[in-house]
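The values are calculated or read from the model by the stated rules, or taken from the named source; none is laboratory data. The model shown is predicted, which means the values in this text are computed figures rather than measured ones. Cβ atoms come from the backbone with ideal geometry, glycine included; neighbour counts cover every protein chain shown. Just the protein is used for accessible areas: all its heavy atoms, side chains included, with ligands, DNA and RNA removed. Shrake-Rupley method; radii C 1.70, N 1.55, O 1.52, S 1.80 Å.
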Amino acid sequence: MKIHHAIPWSDNLYLFDYRKVHTNPVEYFHYHEGLEILYIHDGAGRYILDNQTYSLKPCTLVLIKPFQIHHIKVVVPPNYVRSLLKIKASVIDHFLTALPQLTAVVSQLMEHPWSSQVFHLSSKDALTLENQFLQLHDMLASVPPKVQKEVVALFLFHFFTYFNSRIYSPAHNGILDPHPAAGSIEPVGAMVRWIGRHFSLPFTINEMAEELHFSPSYLSKLFKDQIGMTIIEYTNNKRLEEARTLLGLPSLTIEEISKRSGFNYPSYFIALFKKKYGMTPLQYRMRMES
């Protein structure tokens, strides 16, 4: 089966679908950049992650890491009903920096191997999670667009606080290994995280390759093959996402945002921004404020 690289939310910072109903069979095999939280309200099928097959049924929670290939197959009838949140790491990084303990939990989720990422919830845990999704749905429908990213960040805070305390316990269940063996983290994941730490400053591929202990040519080819874009293209997209977040701060000038996002020249930043989003940074800011 062909892997689907492109996803419709590629130019958005998050995607949320609440209780979407599928009346036809569902099957796809793909990966995407963001963290995915999938909850099954109704339906039956299977999910394949890292060559492990899991059963899907009502009250199933699935967590997918960025760039992790996954395969889902759901049979119909009964109808497949699910809620889904995909959120890019830039949003998580920006809003969770003030919450060090929660940030550590999310970082472990996205960086380290798990023995399971599919959880069949108790009725109590399922009800709590369903209420959280409903509250997110209602809030996003009632607030202006410029506040919605903060609403999603608030949901993440409540979700991972509950998830960490009630749904998984690494000490007892062995779901998460906080000390993975050397070499267990995939090179592409290591590159994505390295860029996430360094994109706001100029860097070279040679510098990244030296720190990650791979050759520059190997990393460049592997990244393009796996992600579908070059390291520079991905880094610029990361910088543009950061710029979109910073444009919500009226105290910052366009030149300051350009610099904080990792662009050396404001004119280059403005040209890339307009090419990707169809408007200049200033026009985007004015739309956010309207």
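Considering only residues in region 117-156 that are without any contact (Cβ under 8 Å) to a residue 24 or more places away in the chain and hydrophobic (A, V, I, L, M, F, W, C), the one that is surrounded by the fewest Cβ atoms within 10 Å (Cβ to Cβ) turns out to be A141. The set of residues in region 254-270 being small (G, A, S) and open to solvent by 60 Å² or more (accessible area, probe 1.4 Å) consists of S267 alone. When Y168 is tested against (1) open to solvent by less than 40 Å² (accessible area, probe 1.4 Å); (2) modelled with pLDDT of 90 or more; (3) touching a strand residue (DSSP E or B) at 6+ places or on another chain (Cβ under 8 Å); (4) farther than 18 Å from L15 by Cα, exactly one condition is not met: (2).
When the strands (runs of 3 or more DSSP E) confined to region 1-102 are screened for residues that are modelled with pLDDT of 90 or more, those reaching at least 1 such residues are found at 14-22, 35-42, 44-49, 52-56, 60-64, 70-75, 80-87.
Pairs are defined by a Cβ separation below 6 Å, a sequence spacing of at least 6 or placement on different chains, a first member in region 193-210 that is farther than 17 Å from F269 by Cα and open to solvent by 20 Å² or more (accessible area, probe 1.4 Å), and a second member that is at pLDDT 90 or above and among the aliphatic types (A, V, I, L, M); the pairs so defined are I205/I231. Residues that are among the small types (G, A, S), part of a loop (DSSP other than H, G, I, E, B) and touching a Pro at 6+ places or on another chain (Cβ under 8 Å) within region 252-285 comprise just one, G262. Scanning region 232-251 for any residue that is at pLDDT 90 or above, more than 30 Å from V152 (Cβ to Cβ) and part of a helix (DSSP H, G or I) turns up nothing.
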